[in-house]
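Read-outs: derived from the displayed coordinates by stated rules, not from any lab. Worth saying up front: this structure is predicted, and the values here are computed from it rather than measured. Here the Cβ positions follow ideal geometry from the backbone for every residue, glycine too, while neighbour counts run over all protein chains shown.
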Amino acid sequence: MLKLDRTRIKNGGFTLTADLQIPRGARVAVIGPSGAGKSTLIEAIAGFLPLTSGRVLWEGEDLTDRLPGKRPVAMLFQDGNLFPHLTAAQNVGLGLNPNLRLSDAEHARVQEALTRVGLKGMDSRKPAALSGGQQSRVALARVLVQARDILLLDEPFAALGPALKTEMLDLVSELATETGATLLMVSHDPGDARRIAEQVILVAEGAAHAPQATAELLDNPPPALKAYLG
Amino acid sequence: MARRAQPLSPAAGYGAAALVAALILGTLAAVAFNAETGRGLSAADWAAVRFTLIQASLSALFSVALAVPVARSLARRRFKGRSVLITLLGAPFILPVIVAILGLLAVFGRAGWVSEALALFGLEPLSIYGLHGVVLAHVFFNLPLATRLILQGWQEIPAERFRLAAQLGAGPRAMWQLLEAPMLARVVPGALAVVFAICLSSFAVALTLGGGPRATTIELAIFQAFSFDFDLGRAALLSGLQLVLTALAATLALRTPVGEGFGSGLDRMLRRWDGQNTFAQSLDTFWIVFAGLFLLLPLLAVVLSGLPGVLSLPATVWSAAFASVLVASASTLILLALALPMALAAAQGRPLPMEIAGLLGLAASPLVIGTGLFILIYPVASPFALALPVTALVNAVMALPFALRILVPACRDVVARHRKLALTLDMRGWPFLRRVVLPRLRAQIGFAAGLAAALSMGDLGVIALFADPEVATLPLQVYRLMGAYQMQAAAGAALLLLVLSMGAFWILDRGGRWHAEA
């Protein structure tokens with residue numbers, strides 16, 4: 001279980017409060033008006049933003065003071081998910097060892113992951129030689145080898161076309177099922193939430209609310225969400 | 001978790017900044033404690049102060065006054081080779097001073113090309129020793145710099161303004177009043193201040209073309225107090241004086257943002273509608289040809305006069321060349337070891353200490369640091385034995401401000417772009433440095449290393465203080481050959497020095513960009 005225990009997060013002049021918990025293995029969409037603090041919430045869980053008070057716990061373990069790389073968290077950002085000077089295989093390999101010293105078994109795992117996301121044979125390509133969708137797949141292959149308990153998505157597919165975005169979300173959903181990861185994804189699109197998330201966290205007016213069942217919330221939106229959905 | 005997590009510890013940067021500050025402030029303290037104030041300044045000292053100020057003012061005035069029409073011509077003309085010419089304007093920055101002086105002598109000297117041409121008309125030959133020689137050499141070095149600074153001003157005028165002016169049918173007078181005069185009023189004071197500050201600490205030019213009671217700069221006087229009288233107290237006093245002047249000039253120069261002064265970005269295309277008549281076109285052609293010849297003729301002269309001698313160079317030249325390559329390599333490594341950690345710490349949100357350490361390097365002149373180091377080393381070891389390591393170290397510190405200017409923006413960019421991804425992957429410290437920073441910064445590191453190597457290779461400053469007759473770097477050897485009137489050997493050695501400096505820059509700069517991708 002991921003628990004945000006009476007947390008206050010300050011980002012610039014803006015403060016977000018969150019007091020909620022997410023069960024292990026859940027798939028949760030984070031929605032709300034832009035500027036409401038969706039990314040702030042995700043970045044605090046990932047460890048990029050310090051908490052002014054409260055704690056972040058995973059399975060009862062306190063993560064609050066841990067560096068981002070020492071948390072059981074894998075994250076995909078809006079952009080810059082790959083190093084442009086490294087090959088696809090190297091980018092994936094970083095998920096196993098940040099120094100890229102990989103054993104034979106680890107090399108094999110990298111190849112397996114690339115095959116799993118449909119990029120067999122593209123291991124020596126650099127990101128510039130891959131399409132946008134393929135770049136997303138490389139990042140997902142890395143998430144796969146990282147095998148972290150929590151997967152955070154900060155709209156990594158926003159630049160893709162609608163069909164490709166759906167395809168990627170389905171792949172994410174499959175991978176999360178295979179690895180049993182707990183998924184939190186920021187989304188602008190209620191359709192995405194309905195598609196792969198069974199629960200939704202509404203972020204509005206300086207607070208992240210406890211998760212609620214997706215269909216229920218979207219069908220009977222509270223005023224803040226209603227204003228956003230239109 | 002008070003601070004945001006960063007992939008690299010700033011400790012190495014702090015360490016490097018502290019080392020630089022300790023070196024500069026330590027030598028300055030040594031200078032201050034040893035300065036002999038009792039005697040006060042002699043008449044000769046005052047003459048040196050006066051000459052320093054006069055030559056720096058004249059050099060700044062002439063450089064900028066000539067740079068305005070040249071920059072104007074370059075701003076409004078497009079021709080084949082324009083971008084090459086603009087790149088060449090950056091070359092004097094890494095050109096060894098002694099090489100340029102030999103070239104200037106070959107063109108403007110007593111037996112030079114211009115004098116020979118004058119003799120055809122029965123006119124007296126030129127002499128470029130003394131004030132006008134010093135100013136000529138300074139204009140040679142700083143006209144290109146001033147041109148680049150002013151050209152930048154011209155190119156910062158938005159294209160829409162030129163379009164509007166053309167639409168209004170503005171003639172040359174109106175263009176001047178509307179666009180050019182206000183821009184120049186903004187840019188020219190900065191260019192003047194920069195050139196003035198650079199010429200203030202001129203040593204090698206004054207050493208070769210000046211001298212005597214009427215053409216001695218303070219830096220040269222420091223050197224003479226050392227090598228002729230071995231009067232450390234007086235050298236320290238003069239160093240103190242020099243320090244005050246450079247610090248004042250540096251603050252003046254730093255008030256105005258300068259941009260890079262070298263590097264690229266000045267060949268943007270811009271459509272212009274004014275200055276299409278024949279008079280304006282021939283005027284611009286004149287200025288571009290003038291600047292091109294003024295820059296290229298001395299270099300051509302170095303090559304032509306050096307070629308006959310380069311194959312029969314004396315062994316002392318080759319050993320000096322070897323020493324220079326060693327010094328330049330060591331200096332480049334020292335520079336990178338200082339500049340990279342400082343740039344990375346600055347990029348991760350701790351710019352102030354790094355900037356201060358970098359500025360110290362600008363304010364203190366090499367001869368002042370050299371004097372201080374000499375005073376510090378003298379009681380414990382023979383400074384002459386340490387001539388080459390000291391030269392490498394001082395050269396590195398002198399190149400530091402430029403290296404930081406090149407590296408800090410690039411580091412900031414890399415950290416901003418890859419910080420979060422690296423942190424989620426737990427790439428911190430060495431893995432981040434090796435897998436992200438070094439590959440991403442190759443081009444900038446190569447450029448900075450190339451500048452450092454070329455500057456060190458061509459430097460004739462500190463080495464003159466520390467060298468005994470047995471030891472010499474190549475620039476010093478060229479100077480000694482000139483002093484011994486072995487002009488053929490000097491010309492050959494100068495050509496070798498030119499090739500080594502430019503070659504070092506080219507190899508490192510190219511090496512950084514080799515197979516580098518986006």
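Sequence-distant contacts, meaning Cα pairs under 8 Å at least 6 residues apart, place the relative contact order of chain B at 26 percent.
Summarising the label geometry, the points placed 7 Å from Cα in the beta-carbon direction at A:Glu174 and B:Ala29 lie 6.9 nm from one another. Remark: mean inter-chain Cβ contacts per residue of A:44-50 equal 3, using a 10 Å Cβ-Cβ cutoff to other protein chain atoms. Counts of other chain beta carbons within 10 angstrom of each beta carbon in peptide A:82-93 average 3. Here the residues A:Glu167, B:Glu116, ranked from fewest to most Cβ neighbours within 10 Å of their Cβ, fall in the order B:Glu116, A:Glu167. Equivalent-ellipsoid semi-axes for the protein assembly as shown (Cα gyration tensor, √(5λ), whole Å, largest first): 60, 31, 25. A:Ala147 to A:Ala227: FRET efficiency via 1/(1 + (r/R0)^6), r the Cβ-Cβ distance, R0 45 Å, to the nearest 0.05? Computed FRET efficiency for A:Ala147 and A:Ala227 comes out at 0.70. Packing-based ranking of B:464-473, A:170-179 yields B:464-473, A:170-179, ordered from highest to lowest mean Cβ neighbour count within 10 Å.
Comparing B:Gly292, B:Ile157, A:Asn11 along the charge dipole axis of the protein assembly as shown, the residue lying farthest to the positive side is B:Ile157, per the Cβ-charge model. Spacing of the modelled spin labels on A:Leu164 and B:Asp413, each 7 Å from Cα toward Cβ, amounts to 2.5 nm. Averaging over all projection directions, the Cα-based convex hull of chain B occupies 28.1 nm² in the image plane. Each label point was placed 7 Å from the Cα along the Cα-to-Cβ direction; for B:Ala247 and B:Glu156 their separation is 2.9 nm.
Between the listed residues A:Leu130, A:Thr87, A:Leu100, the Cα displaced farthest toward the positive end of the dipole of the stretch A:83-139, a dipole computed from Cβ unit charges relative to the Cα centre, is found at A:Leu130.
Here's the list of lysines a cross-link from A:Lys165 could span, going by alpha-carbon distance under 27 Å and ignoring same-chain residues fewer than 8 apart: A:Lys38, A:Lys120, A:Lys126, A:Lys226, B:Lys420.
Could you work out the mean count of beta carbons from other protein chains within 10 Å of each residue's beta carbon in B:413-424? Don't jump to the answer; show the numbers that get you there.
Working: counts 0, 0, 0, 1, 4, 4, 3, 10, 13, 5, 10, 20.
Shielding by partners across B:413-424 averages 6.
Here the extension length gained between B:Ala181 and B:Trp430 equals 84.4 nm, from 0.36 nm per residue of separation less the Cα-Cα distance. Each of A:Val186, B:Ala489, B:Ala253 was placed along the dipole of the protein assembly as shown (beta-carbon charges, centred on the mean Cα), and the one lying farthest toward the positive end is A:Val186. Mean residue ellipticity, 222 nm, helices only, chain A: the sum of -39500 (n - 2.57) across DSSP H runs of n ≥ 4, divided by residue count and rounded to 500, is -10500 deg cm²/dmol.
For chain A, what does the relative contact order come out to in percent, with C-alpha contacts under 8 Å and a separation of six or more? Walk me through the numbers before you get to the answer.
On the way: 421 pairs, mean separation 65.8, N = 230.
29 percent.
Springs between Cα atoms under 10 Å define the GNM used for chain A, and in it the highest mean-square fluctuation of A:Leu152, A:Leu183, A:Leu100 occurs at A:Leu100. Evaluating kT/(6 pi eta Rh) at 4 °C and 1.567 mPa s, with the Kirkwood radius of chain A over Cα pairs in the Stokes-Einstein relation, gives 72 µm² s⁻¹.
When the helices of chain B are scored as -39500 (n - 2.57) per DSSP H run of n ≥ 4 and the total is divided over every residue, the value at 222 nm lands at -24000 deg cm²/dmol. When only Cα pairs below 8 angstrom with a gap of at least 6 residues are kept, the stretch A:83-139 shows a relative contact order of 47 percent.
Would you mind putting A:65-72, B:213-220 in packing order, based on average other-beta-carbon counts within 10 Å, highest first?
Final packing ranking: B:213-220, A:65-72.
Shown here are the Rg and Dmax of the Cα trace of the stretch A:83-139, at 10.3, 30 Å.
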